[in-house]
Amino acid sequence: MIALIDYKMGNLRSVAKALEAVGAEVTVTHEPAKLRRAQALVLPGVGAFSAGMSNLRKMKLITPIKEAIRAGKPFLGICLGAQLLFTESEEHGRHLGLGIIPGRVVKFRSALKIPHMGWNTITKVTSHKSQDISGLLNNIPDGAYFYFVHSYYVKPKKKDMVLALSEYGQKFAAVVGKDNTFGIQFHPEKSSELGLKILENFCRICGEIK
Amino acid sequence: MLAKRIIPCLDVKDGRVVKGINFLNLKDAGDPVEQAAIYSREGADEVVFLDITASFEHRDTMLKVVRRTAEKVFIPFTVGGGIRNLADIETILRNGADKVSINTAAVKNPQLIKRASRKFGNQCIVVAIDAKRKLQVTSHKSQVKKKNMGHETCNLQPAWEVYIYGGKKPTGIDAIQWAKQAEKLGAGEILLTSMDKDGTQSGYDLKLTRSISKSVRIPVIASGGAGKLEHLYAALSQGAADAVLAASIFHYGTYTVGQTKDYLARKGLTMRL
């Protein structure tokens, strides 16, 4: 059972449906007890960083999330959910995040249109060990397109936590990972077959599907 | 590289595709969900449903379409048509749409853009603009002040007026100014339809598209006038559009989305193939 964390940051329906489409059993919840019972956690979300953190705080979700990660449960943050894993964000001021992955969330400073919206390619960082171990990006070819919508991007302190890069005026981390915790900046649930492939890989990591 | 987007549009009335044509292996040509799934399989980057249902009692039918689409189609989709207020937007997003497109309601109440984008995020608020060209005589103000009337240079510059209520009512609002204001209020994208070109299949209004696209820093989707693949290319290159929307060329099977993207890629545009 994968718990999809409902912290009132956008619609979770498409993420739930995409996980179900690849064969996972999903529960959408904000109850700490249910989160503790789940094999794996997914933190989706669209919206502002500070609102996301404040909802997690208000709904008393920070402790169960950190406990799950500490226990080594597979954890996937998507879009805002990926950004919240970081130390801090500069979105509308300076805000502290969950602090699971050391690094910052910063704004694009290019002359290009913001938000970075649409389909862009990713390139896997092949030297990374945990990628090989986890298999999150198995069967994802370099140059594969995924659907992005964001104005801020994640900047991990340690380069070896970057599993895949994308480029928009500059290179930025599209997929990050630390042990069993992963963050995906794009929306796999909206990225057609290859997006579902990544979710399927995650479900394999969780043991949710064989 | 960020790809240019190809967006098929489906007109939906009472939960059914308007003028559904049976081609390919469609079980039900009238089912918008099945059509959207086929477009997605062909490589569409997004899908837009334009709900042209007149009566409000049939709105639930559209929501059912939205819910079913969210279960089956894993690319972003937008719902537009008849959205009046924050509650409408919330209902549509809650049922699984990724974006809503607002037109008349945004013109009548621009604060709706602000409130909606604050509440749901800029990325899901698309402001649709129906623009119609008018010839406007613009005179250089400085020269007018100098009373240099005799030598004043008068330029005939195109200008476009915003129409609402499905293109029935002129507003007197300049389309470029409105696009800029919409961006400022928090619109995540502009869906720009040329009323002069819509339905003609004679190509997008490139000047309009370019003027708007160069005036804002949010993505602009060009709409109205697609008849040939060259038209899509022109809108994305000369027109500087970030995406193109087309209904009939895909709907009537003139071109598949796949053929379209192959063509545009050969012309040198970045496409997700």
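What's the longest uninterrupted piece of chain B once you rule out the chymotrypsin sites (Phe, Trp or Tyr not before Pro) that are loop residues per DSSP with at most 13 other Cβ within 10 Å? Counting at most 13 other Cβ atoms within 10 Å as exposed, the longest clean stretch of chain B is B:24-164.
With Cα atoms defining each centre, the stretch A:131-209 and the stretch B:29-48 are spaced 26 Å apart in the structure. Determine the shape class of the stretch A:2-206: with a ≥ b ≥ c the square roots of the Cα gyration tensor eigenvalues, call it rounded for a/c under 1.5, and otherwise prolate if a/b is greater than b/c, oblate otherwise. It comes out rounded by the Cα gyration axes.
The Cα atoms of the stretch A:30-137 give a gyration tensor whose axes a ≥ b ≥ c have a/c of 1.5 or more with a/b no greater than b/c, which makes the shape oblate.
Measure nothing fancy, just the Cα-based angle from helix B:206-215's long axis to the longest principal axis of chain B, in degrees from 0 to 90, nearest 10. With rounding to tens, the tilt is 80 degrees.
Put a plus charge on the Cβ of each Lys and Arg, a minus charge on the Cβ of each Asp and Glu, and nothing anywhere else: the dipole of chain A about its Cα centre is then about 580 debye. Rounded to the nearest 20, the Cβ-based charge dipole of the protein assembly as shown about its Cα centre (Lys and Arg +1, Asp and Glu -1) stands at 1520 debye. Placing unit charges on the Cβ atoms of the charged side chains and taking the dipole of chain B about its Cα centre, the candidate lying farthest along the positive direction among B:Gly258, B:Phe49, B:Ala235 is B:Ala235. Spin-label model, A:Met1 to A:Asn139: label points 7 Å out along the Cα-to-beta-carbon direction sit 2.8 nm apart.
Amide H to amide H, with H built 1.01 Å from N, B:Val18 comes under 5 Å of B:Asp11, B:Val12, B:Lys13, counting only residues 5 or more places away or on other chains. Go through B:Ala226, B:Ala175, B:Ser215 and say which Cα lies farthest out towards the positive end of the charge dipole of the stretch B:172-273; charges sit on Cβ, +1 for Lys and Arg, -1 for Asp and Glu. Looking along the dipole axis, the top candidate is B:Ser215.
Compared with the dominant principal axis of the Cα atoms in chain B, helix B:175-185 is inclined by about 70°.
Close amide H contacts of A:Phe186 (hydrogens built in the peptide plane, cut-off under 5 Å, sequence separation of 5 or more or a different chain): A:Cys79. Scalar couplings 3J(HN,Hα) for the stretch B:91-103, obtained by applying the Karplus form with A = 6.51, B = -1.76, C = 1.60 to θ = phi - 60°, are 4, 5, 5, 4, 7, x, 6, 8, 9, 10, 10, 10, 10 Hz; x denotes Gly and Pro. If you take the Cα centroid of the stretch B:80-118 and the Cα centroid of the stretch A:86-123, the two points sit 26 Å apart.
Between the Cα long axis of helix B:257-266 and the first principal axis of chain B there is an angle of about 50°, rounded to the nearest 10. Couplings 3J(HN,Hα) of the stretch A:195-200, computed from phi: x, 5, 4, 5, 5, 5 Hz, in residue order, whole Hz [Karplus 6.51 cos²θ - 1.76 cosθ + 1.60, θ = phi - 60°; x for Gly and Pro]. In a reduced charge model with +1 at each Lys and Arg Cβ and -1 at each Asp and Glu Cβ, chain B shows a dipole moment near 1000 debye about its Cα centre. What does the C-alpha gyration tensor say about the overall shape of the stretch A:1-76? Classify as rounded when a/c is under 1.5, otherwise prolate if a/b is larger than b/c, or oblate. Cα axes put the stretch A:1-76 in the oblate bin.
For chain B, the equivalent ellipsoid derived from the Cα gyration tensor has semi-axes of 33, 23, 16 Å, listed largest first.
Among the trypsin sites (Lys or Arg not before Pro) in the stretch A:104-208, those placed in a DSSP loop whose Cβ has at most 15 other Cβ atoms within 10 Å are A:Arg109, A:Lys157, A:Lys158. Each residue of the stretch A:101-106 is assigned a 3J(HN,Hα), and the resulting list reads 10, x, x, 10, 10, 10 Hz, derived from the Karplus form 6.51 cos²θ - 1.76 cosθ + 1.60 (θ = phi - 60°), x at Gly and Pro. The mean of 1/r over all distinct Cα pairs in the protein assembly as shown, once inverted, gives the Kirkwood hydrodynamic radius of 23.2 Å. Of the residues A:Asn138, A:Gly47, A:Phe186, the one whose Cα sits farthest towards the positive end of the charge dipole of the stretch A:2-206 is A:Gly47 (charges of +1 on Lys and Arg Cβ, -1 on Asp and Glu Cβ, taken about the Cα centre).
Where a number appears in this text, it was derived from the coordinates with a stated rule and is not lab data. Treat the numbers as computed from the prediction; the structure is a model and nothing was measured. Neighbour counts run over all protein chains shown; Cβ positions are idealised from the backbone, glycine included.
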